[in-house]
Amino acid sequence: MAYEDWKEPPILRVRISEADVHYAGGLVDGAKVMQFFGDVATELLIRNDGDEGLFRAYDSVEFLHPVHAGDYIEVYGKIVGVGRTSRKMILEAYKVIAPIESGSSACEVLKKPLLVARASGTCVVPLDKQRKKED
């Protein structure tokens, strides 16, 4: 999906801190973005089923652009398929604010948000944990 196609507000907006840096040059490990995807998936399951559920598997994960300290990231997610206990999801992370230069406090709002990562996967909510029932 394109940034403009997300109808809902972001489920998560976060500033990447110096504490998140894992590599030289202020680069953040892709695992941090995966953590955000997990947080968004958890919220989607709670809203859909009333339970946190479990992430069963990722079908696809793509890291498309680097994430650095000082970046602001928005993470979107959507349930695109519902089975008896499974919930198929798509997740995307966009950089929306970036520092002008490393070590500077000056930042800019990006004219066009940059897709930094996307994933799809399946979560599971056991039947006995599903508290919200469809009418």
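Pairs please, first residue from the range 62-74 and farther than 16 Å from Ala31 by Cβ, second anywhere and not aliphatic (A, V, I, L, M) and not in a strand (DSSP E or B), Cβ atoms under 6 Å, 6+ apart in sequence or on different chains.
Close Cβ pairs (under 6 Å, with a partner that is not aliphatic (A, V, I, L, M) and not in a strand (DSSP E or B)) amount to Glu74/Pro10.
Criterion first (surrounded by fewer than 19 Cβ atoms within 10 Å (Cβ to Cβ), out of contact with any helix residue (DSSP H, G or I) (no Cβ under 9 Å at 6 or more places or on another chain) and under 18 Å from Leu12 (Cα atoms)) does Ile79 satisfy it?
Numbers: surrounded by fewer than 19 Cβ atoms within 10 Å (Cβ to Cβ): yes; out of contact with any helix residue (DSSP H, G or I) (no Cβ under 9 Å at 6 or more places or on another chain): no; under 18 Å from Leu12 (Cα atoms): yes.
Criteria not met by Ile79.
If you take just the strands (runs of 3 or more DSSP E) that sit entirely in the range 1-91, which of them hold at least 3 residues that are within 30 Å of Pro126 (Cα to Cα) and of a type in the set (Val, Ile, Thr)?
By residue number, 72-82.
What is the residue count in the range 92-135 for residues that are within 17 Å of Ile79 (Cα to Cα), among the β-branched types (Val, Ile, Thr) and either at pLDDT below 90 or outside any strand (DSSP E or B) (or both)?
1
Kindly establish whether Val125 is closer than 22 Å to Tyr3 by Cα and buried (at least 18 other Cβ atoms within 10 Å of the Cβ).
no
Say we look at the range 75-113 and pick out the residues that are of a type in the set (Gly, Ala, Ser) and in contact (Cβ under 8 Å) with a residue 24 or more places away in the chain; which of these is farthest from Val40 (Cα to Cα)?
Within the range 75-113, the subset of a type in the set (Gly, Ala, Ser) is 77, 81, 83, 86, 93, 98, 102-106.
From the residues that got through so far, the ones that are in contact (Cβ under 8 Å) with a residue 24 or more places away in the chain too are 77, 86, 93, 98, 102.
Details: Gly77: 6, Ser86: 16, Ala93: 10, Ala98: 22, Ser102: 29 Å.
Among those that are of a type in the set (Gly, Ala, Ser) and in contact (Cβ under 8 Å) with a residue 24 or more places away in the chain, it is Ser102.
Can you name the residue in the range 82-100 that is hydrophobic (A, V, I, L, M, F, W, C) and touching a helix residue (DSSP H, G or I) at 6+ places or on another chain (Cβ under 7 Å) and is also nearest to Glu18 (Cα to Cα) among such residues? Talk me through it step by step, then tell me what you get.
The initial filter retains those residues of the range 82-100 that are hydrophobic (A, V, I, L, M, F, W, C), namely 82, 89-91, 93, 96-98, 100.
Imposing the further condition that a residue be touching a helix residue (DSSP H, G or I) at 6+ places or on another chain (Cβ under 7 Å) reduces the set to 89, 91, 93.
Details: Met89: 30, Leu91: 24, Ala93: 19 Å.
Going through the qualifying residues, I end up with Ala93.
Check whether at least one residue in the range 61-71 is more than 23 Å from Lys7 (Cα to Cα) and β-branched (Val, Ile, Thr), and report yes or no.
Within the range 61-71, one or more residues are more than 23 Å from Lys7 (Cα to Cα) and β-branched (Val, Ile, Thr).
Looking only at the range 45-67, count how many residues are surrounded by 19 or more Cβ atoms within 10 Å (Cβ to Cβ) and in contact with a Gly (Cβ under 6 Å, 6 or more places away or on another chain). Don't jump to the end; show me each part of the working.
If we filter the range 45-67 for residues that are surrounded by 19 or more Cβ atoms within 10 Å (Cβ to Cβ), which is where we start, we get 45, 49, 53, 67.
Applying the additional criterion that residues be in contact with a Gly (Cβ under 6 Å, 6 or more places away or on another chain) yields 45.
Summing the residues that are surrounded by 19 or more Cβ atoms within 10 Å (Cβ to Cβ) and in contact with a Gly (Cβ under 6 Å, 6 or more places away or on another chain) in the range 45-67 gives 1.
Look at the range 18-43 and say how many of its residues are closer than 17 Å to Tyr76 by Cβ and in contact (Cβ under 8 Å) with a residue 60 or more places away in the chain. Steps first, please.
Within the range 18-43, the first condition is being closer than 17 Å to Tyr76 by Cβ, and the residues that meet it are 32-43.
From the residues that got through so far, the ones that are in contact (Cβ under 8 Å) with a residue 60 or more places away in the chain too are 33-34, 37, 41.
The number of residues fulfilling the criteria is 4.
Hey, any hits in the range 25-38 for a residue that's in contact with a Leu (Cβ under 8 Å, 6 or more places away or on another chain) and surrounded by fewer than 18 Cβ atoms within 10 Å (Cβ to Cβ)?
Narrowing the range 25-38 to residues in contact with a Leu (Cβ under 8 Å, 6 or more places away or on another chain): 36-37.
From what is left, the residues that are surrounded by fewer than 18 Cβ atoms within 10 Å (Cβ to Cβ) are none.
No, there is no match, as no residue in the range 25-38 is in contact with a Leu (Cβ under 8 Å, 6 or more places away or on another chain) and surrounded by fewer than 18 Cβ atoms within 10 Å (Cβ to Cβ).
The values are calculated or read from the model by the stated rules, or taken from the named source; none is laboratory data. The structure presented is a predicted model; accordingly, all values stated were derived computationally and were not measured. As a convention, Cβ positions derive from the backbone with ideal geometry for all residues, glycine included, and neighbour counts pool all protein chains shown.
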